[in-house]
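Read the figures in this text as sums done on the coordinates, not as results from a lab. Because the structure is predicted, anything quoted here is derived from the model rather than measured. A quick note on method: Cβ atoms are made from the backbone with ideal geometry, for glycine too, and the neighbour counts reach across all protein chains shown.
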Amino acid sequence: MKLYRRILPVLGAVMLSSPVTASISIEFHLGAVNVPPGSLGVIVADTGGDGFESPSFVPGAPLTPGETLGLNDVVVAVFSNVNIPEWAGRRGFASHFAEIDYTAIGVEEGQPWILYVFPERAVDEPIRTGEPHVAFQPSDLSGVSANSSMGFEMPADGGAYLLAMLDPGAGGTADLSTVDVAPADLDEGEGRLRRDLGNTARHTYYFEMTRAGFLSISGTGTAGLRGELYHRDGQLIASSDGALPFWFEEELEAGFHTLVLYRDDAGSGDEPYEIEFESEWVRFVRPDIAIGSNFGNLLTAGQVFAPGAEVPLVSKKARKVSGVATVSNLGGRPEALAVRATRGTRIFRVTYSSALGNITAGLTTGIYRTPVITAASTPVWVKAGFAPSKKRSLASRGKGSKTKRKAFSSLILANSVSDPGLYDGGKWKVRTR
């Protein structure tokens, strides 16, 4: 068996001293991982071949070797990192089990394993409802690391084995960046987190609701940041769609809940993010449209009164005229607003444009969305062009022509996607003469 002292001395590797009479003897070296001191590493075997049941669903089961989690997931080994020194700001797991009796605990050769990490827990303590944890299992169960004499599954009965789950920086091949769990310390439902996130890492935060109630969670960062909120029963209850900032507002039951952050972009390096928890302030979206013939005479800015102002535009001799509008969100909750406007007719051809170019189709079909905006964002501008049909607006009159009196109204509306009852608007009234 390989000595491990020279590879990871800070984890205090243990060499097997003599053969044993139990089924097997296993020495574990799992990491260095980002978990709080005093955390438990728990190896669980799937004895039924039906996948692993989340610990969130099996409250009451003790974290003890030989115990069954759910129907047929058996705890093989439990080890703490309480006495492991920090290594580059992280702790790992290292332990030697001289006796693992296959028959006694009900496991067999070849059954797959999973590693659960439970923050700040002790051996024999029962699993709580919504138990905070992270899970790790490599894609190749039989070839985890060149430093191991076994894979991530029950080895052949009899003998001594070494499982060395090291990240590449320590000479291993396992990506342990996902094993990162920390408390989100809330004070009366309020709190803030600031960290950097790698493009392959997952940061898992757990927090306890001492009583049922409302909680708002907002997240800001760089492109690619995603958030997932899990209920105390382990069910996903909210996830972001890639828009930033993201916003979760939920009524949560008492117990532990989990927030998971990751990136879905292909960038490299760490990127900063910030998460804010609030329990009392419910933020709303407040769409606002200011409208005019040009940016110097916008009306009803800040006055939410749909359909709002009516702006007259006069077309002489059927010449093209234009108007402008700006779309804002005066509320505290970030959102991409839905904007729509009236389509043209046979007499009035209408085009709408923005900083992105021609958006006529999006506005007239109602599928256009602004970027995610807040009260601090620069308003999104829309320019409307109205071109009367000369054929239908001008009548011959001797050697000249006479303009027929025609009229057209174009309504522009912006509404909240999350609450369509919140909206604002304005109207351009075009006349020919």
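In the chain, how does Rg compare with the Kirkwood Rh, expressed as the Rg/Rh ratio over alpha carbon atoms? Walk me through the numbers on the way to the answer.
Numbers: Rg = 31.5 Å, Rh = 26.0 Å.
Reported Rg/Rh (Cα atoms, Kirkwood Rh): 1.21.
Treat the count of other C-beta atoms within 10 Å as a stand-in for reagent exposure and order ILE412, ILE237 from fewest to most. Intermediate values should be presented prior to the final figure.
Numbers: ILE412 24, ILE237 14.
Final ranking by Cβ density, sparse to dense: ILE237, ILE412.
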Taking the dipole of the chain about the Cα centre (Lys, Arg +1; Asp, Glu -1; charges at Cβ), the one of HIS133, SER54, TYR423 that reaches farthest to the positive side is TYR423
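Stick to Cα atoms and the Kirkwood definition of Rh, then tell me Rg/Rh for the stretch 9-176.
Numbers: Rg = 14.9 Å, Rh = 16.0 Å.
The Rg/Rh ratio comes out at 0.93.
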About its Cα centre, the stretch 188-284 carries a charge dipole, from +1 on Lys and Arg Cβ atoms and -1 on Asp and Glu Cβ atoms, whose size in debye to the nearest 20 is 220 debye
All alpha-carbon distances of the stretch 287-432, grouped into 10 Å bins from 0, give the whole-percent distribution 12, 41, 29, 12, 4, 1, 0
In this structure, among LYS390/LYS427; LYS317/LYS427; LYS406/LYS427; LYS317/LYS383, pairs with alpha-carbon gaps over 20 Å are LYS390/LYS427; LYS317/LYS427; LYS317/LYS383
The size of the Cβ-based charge dipole (Lys, Arg +1; Asp, Glu -1) of the chain about the Cα centre, to the nearest 20 debye, is 6800 debye
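Using the 10 angstrom Cβ neighbour count as an exposure proxy, how do VAL321, VAL430, VAL372 rank, fewest first? Let's see the in-between values first.
On the way: VAL321 20, VAL430 24, VAL372 17.
Ranking VAL321, VAL430, VAL372 by Cβ neighbours within 10 Å, fewest first, gives VAL372, VAL321, VAL430.
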Here the longest stretch of the chain that holds no chymotrypsin sites (Phe, Trp or Tyr not before Pro) in a DSSP loop having at most 13 other beta carbon atoms within 10 Å is 1-280
Residues meeting the amide H criterion for THR173 (H placed from the backbone, H to H distance under 5 Å, 5 or more places apart or on another chain) are ALA146, LEU166
Exposure proxy check on HIS96, HIS29, HIS203: fewest-to-most Cβ neighbours within 10 Å is HIS96, HIS203, HIS29
With DSSP loop assignment and no more than 12 other C-beta atoms within 10 Å, the trypsin sites (Lys or Arg not before Pro) in the stretch 152-242 are ARG211
Sorted largest first, the Cα spans of the stretch 184-278 on the principal axes come out in Å as 40, 24, 19
